[in-house]
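The values are calculated or read from the model by the stated rules, or taken from the named source; none is laboratory data. For clarity, every value in this text was computed on a predicted model and none was experimentally measured. With ideal geometry, Cβ positions are generated from the backbone for all residues, glycine too; neighbour counts draw on all protein chains shown. Quick note on the areas: whole protein, heavy atoms, side chains included, nothing else; ligands and nucleic acids left out. Shrake-Rupley method; radii C 1.70, N 1.55, O 1.52, S 1.80 Å.
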Amino acid sequence: MNLGYYPGCSLEGSAKEFNQSLKATLQALEVQLSEIDDWSCCGASSAHSANHLLALALPARNLLLAKKQGMSEIVAPCAACYNRLAVTRHELNNNETARKGVEDLLETPYSDGMQILNLVQLFHHIGLPVIKEKIKRQMSFLKPACYYGCLLVRPNNITGFDDAEHPTAMEQVVEITGTKAVDWNFKVECCGASHSIAHTKIVEKLSKNKLPPARCATRTSICGS
Amino acid sequence: MYAGECYKQIGTSGNTEEMKMHEVHKDPFIEELIAITGQDPAQCYQCGKCSAGCPVREFAEDAPNRVVRYVQLGFYDKALQSNTVWLCAGCQTCSGRCPKDFHLAQFMDAMREMGTKRHIVTKEKKTVAFHESFLDQIKWNGRSHEFGMVLEYKLKTMDLFKDVDLVPGMLSRGKLSILPEKIKDGNSVKKLFKEKE
Ligand code: SF4
Ligand code: SF4
């Protein structure tokens, strides 16, 4: 399997180990990733706070590059990148005014034909039985709590791969390693990440809120995407 | 007629078709908001479900649905000045739960965009400084550059010493690079910022 790859800025910087472990995992699963040549930032939460067309044009540039480079599916491991790419694709396909505005900015016509996958979707796409066969070590000693956060599941009409309030697709993935994911109430609660620089206290509070419920059910790890 | 009167008039008719208040008074603010978001703020019937699940409600001065109410009543400056607009984390919990399918997260985006355009002074200077610093990196390098972004943010806010203790560890683990990694075709990104300026 050969897929287009959009690492996004964080995976080249503060989330470097996420990039490394993902690449090692996919290598073991014999999935090849081709990085989109000359990809640029998706604009994350700052672009859609500034200008609605900029917020679509930044991801659209990457969608067009991927298409030009012959890709039809791209993997975006960062939840924010995944969300921005998926929202952009949806808007460009369904909102003609937005599409015209973006085409004017990019000075290129847009045409669709790109599937965007987050990691949970990617693992389901590869096939859970296929992955299960390749697992060398059972992880039954872990009691993971799956954390989806906001951007994998919302807005549901666009991401749409699972229930927005009670998704279970990530649990299905971790459970093929022989562990049992625990049920908890915070899997789609916001952690406040967009405020991590300007309002650290808010992020601390929103993130800390999630830890006691996680601990009291003797959870030993929280997995996210 | 101001928007509040207009709302009262059409509000009593009970006909939801007629409740598109922009069609009645063609208010330029509402027109612009609809052009950006594709939705009429009159669509919201103020049930408050959005605010009940909003993660930043406890930190903000107004409940998110109150900001919508300000706009419905024509108190545009009050809406744009509310710190709720900038404290909104864009989590979209509200949009997903709204019984009227009102995309409140997108409404908040538009409030930020329209407030900035109108040079509205907000108390949330740090949040604004963060977004500006983040976008500047993209404009200059094509990608976000965490070191450059934090540096610009610190200079803008004069909050010089916060989190500096994290820097040596991040540098030694290769998670922070002093110099940005520029993309090859930087101009193709720079020109996308035309709209914003
Ligand atoms: S949930 Fe929807 S209808 Fe209810 S107050 Fe919020 S935006 Fe308005
Ligand atoms: S998107 Fe903003 S207003 Fe809506 S629930 Fe999240 S933080 Fe609150």
Item to check | Lone unmet requirement of (1) in a loop (DSSP other than H, G, I, E, B); (2) within 16 Å of ligand 2 (Cβ to nearest atom) for A:Ser194 | outcome: (1)
Checklist entry - Which ones in segment B:112-141 are more than 7 Å from chain A (Cβ to nearest Cβ) and within 19 Å of B:Lys190 (Cβ to Cβ)? => result B:Glu132, B:Ser133, B:Asp136, B:Gln137, B:Lys139, B:Trp140, B:Asn141
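Conditions (1) outside any helix (DSSP H, G or I); (2) at pLDDT below 95; (3) farther than 30 Å from A:Glu17 by Cβ; (4) more than 23 Å from the chain's Cα centre (by Cα), marked per residue:
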site: B:Ser95; (1), (2), (3), (4): no, no, yes, no
site: B:Lys100; (1), (2), (3), (4): yes, no, yes, no
site: B:Leu160; (1), (2), (3), (4): yes, yes, no, yes
site: B:Asp165; (1), (2), (3), (4): no, yes, no, yes
site: B:Pro168; (1), (2), (3), (4): no, yes, no, yes
site: B:Gly174; (1), (2), (3), (4): yes, yes, no, yes
site: B:Ser177; (1), (2), (3), (4): yes, yes, no, yes
site: B:Glu181; (1), (2), (3), (4): yes, yes, no, yes
Checklist entry - How many residues does segment B:51-64 hold that are farther than 18 Å from A:His199 by Cα and either open to solvent by 20 Å² or more (accessible area, probe 1.4 Å) or out of contact with any Pro (no Cβ under 6 Å at 6 or more places or on another chain) (or both)? => result 4
Next on the checklist: Please go through segment A:109-147 and give me each residue that is touching a helix residue (DSSP H, G or I) at 6+ places or on another chain (Cβ under 6 Å) and within 14 Å of chain B (Cβ to nearest Cβ), ordered by number.
Outcome noted: A:Tyr110
Next on the checklist: Looking at segment A:168-181 only, could you name the residues that are surrounded by fewer than 20 Cβ atoms within 10 Å (Cβ to Cβ) and in a loop (DSSP other than H, G, I, E, B)?
Outcome noted: A:Thr168, A:Ile176, A:Thr177, A:Gly178, A:Thr179, A:Lys180
Checklist entry - Out of segment B:35-57, which residues are within 9 Å of another protein chain (Cβ to nearest Cβ), on the phi < 0 side of the Ramachandran plot and either away from ligand 2 (no atom under 14 Å from the Cβ) or modelled with pLDDT under 95 (or both)? => result B:Ala35, B:Ile36
Item to check | Residue selected from segment B:97-112 under the condition under 22 Å from A:Leu54 (Cα atoms) and open to solvent by 20 Å² or more (accessible area, probe 1.4 Å), by the criterion farthest from ligand 1 (Cβ to nearest atom) | outcome: B:Asp109
Next on the checklist: Would you confirm whether or not segment A:134-149 contains a residue that is more than 18 Å from the chain's Cα centre (by Cα), open to solvent by less than 40 Å² (accessible area, probe 1.4 Å) and of a type outside the set (A, V, I, L, M)?
Outcome noted: yes
Checklist entry - All but one of (1) open to solvent by less than 30 Å² (accessible area, probe 1.4 Å); (2) assigned to a helix (DSSP H, G or I) hold for B:Asp77; which doesn't? => result (1)
Item to check | Qualifying residues in segment A:32-77 (those that are within 14 Å of another protein chain (Cβ to nearest Cβ) and over 20 Å from B:Ile138 (Cα atoms)) - the one least open to solvent (accessible area, probe 1.4 Å) | outcome: A:Gln69
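Looking at A:Asp104, is it assigned by TED's automatic domain parsing to the domain that holds A:Ala60, more than 14 Å from the chain's Cα centre (by Cα), more than 16 Å from ligand 1 (Cβ to nearest atom) and of a type in the set (Asp, Glu)? Spell out the reasoning first.
Numbers: assigned by TED's automatic domain parsing to the domain that holds A:Ala60: yes; more than 14 Å from the chain's Cα centre (by Cα): yes; more than 16 Å from ligand 1 (Cβ to nearest atom): yes; of a type in the set (Asp, Glu): yes.
Yes: the conditions hold for A:Asp104.
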